[in-house]
1. Starting from the amide H of Leu80, placed 1.01 Å from N in the peptide plane, find each other amide H under 5 Å away whose residue is 5 or more places distant or on another chain.
2. Can you give the longest stretch of the chain with no exposed loop site, where a site means trypsin sites (Lys or Arg not before Pro) in a DSSP loop (not H, G, I, E or B) with at most 15 other C-beta atoms within 10 Å?
3. The list (i) 22, 13, 12; (ii) 28, 9, 8; (iii) 29, 17, 13 gives values of semi-axes √(5λ) of the Cα gyration tensor in Å, and only one came from this structure; which label was calculated from it?
4. For Asp64 and Asp51 in the same chain, what is the full-extension length gain: residue separation times 0.36 nm, less their Cα-Cα distance, in nm?
5. Helix-only mean residue ellipticity at 222 nm, the chain, DSSP H runs n ≥ 4 weighted -39,500 (n - 2.57), per residue, nearest 500. What is it?
6. Out of Ser16, Ser62, Ser37, any idea which swings most in a Gaussian network model of the chain, alpha carbons joined below 10 Å?
7. With a 1.4 Å probe and all protein chains left in place, how much of the accessible area of the chain comes from carbon and sulfur atoms, in whole percent?
8. Heavy-atom accessible area per residue, the chain, 1.4 Å probe: how many Å²?
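The values are calculated or read from the model by the stated rules, or taken from the named source; none is laboratory data. Just so it is clear, the structure is predicted and the values come from calculations on it, not from any experiment. Cβ placement follows ideal geometry from the backbone for every residue including glycine, while neighbour counts extend to all protein chains displayed. For the accessible areas, the whole protein counts, side chains as well, though only heavy atoms, and no ligand, DNA or RNA atoms are used. Shrake-Rupley method; radii C 1.70, N 1.55, O 1.52, S 1.80 Å.
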Amino acid sequence: MQWSPWLQGGPFLEVSFLMEIKEKKKETIQELIDNLSKVKNRIEIHDQNVDEIIDFFDRGYSYDEEDSQTNYLHSLRLRLYV
């Protein structure tokens, strides 16, 4: 049996996941980012404006700007060196 790595690709790798966060969005995402340093491989955040990125995540953006009762989406993208 031949083993192959789970993640593979060129110089860029994208990892995405969905999480349901109902409260404390900012604290939850900050904890997730802090936990990157605990990964076995060294990970460095390339972005200089991480606090602004986290603030944008916390605010979110409306799914439908025309609907005052719309859900808000929260998205975060970080550039990392692994």
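1. His46
2. Numbers: sites that count: Lys22, Lys24, Lys40, Arg42, Arg77, Arg79.
That would be 43-76.
3. Checking each listed value against the structure points to (iii).
4. Separation in residues times 0.36 nm, less the Cα-Cα distance, equals 2.1 nm.
5. On the way: 2 runs with 20 residues, N = 82.
Result for the chain: -7000 deg cm²/dmol, rounded to the nearest 500.
6. In this elastic network of the chain, the residue with the biggest mean-square fluctuation among Ser16, Ser62, Ser37 is Ser16.
7. Numbers: 3910 of 7970 Å².
Reported share for carbon and sulfur atoms: 49 percent.
8. On the way: 7970 Å² over 82 residues.
Accessible surface, normalised per residue, equals 97 Å².
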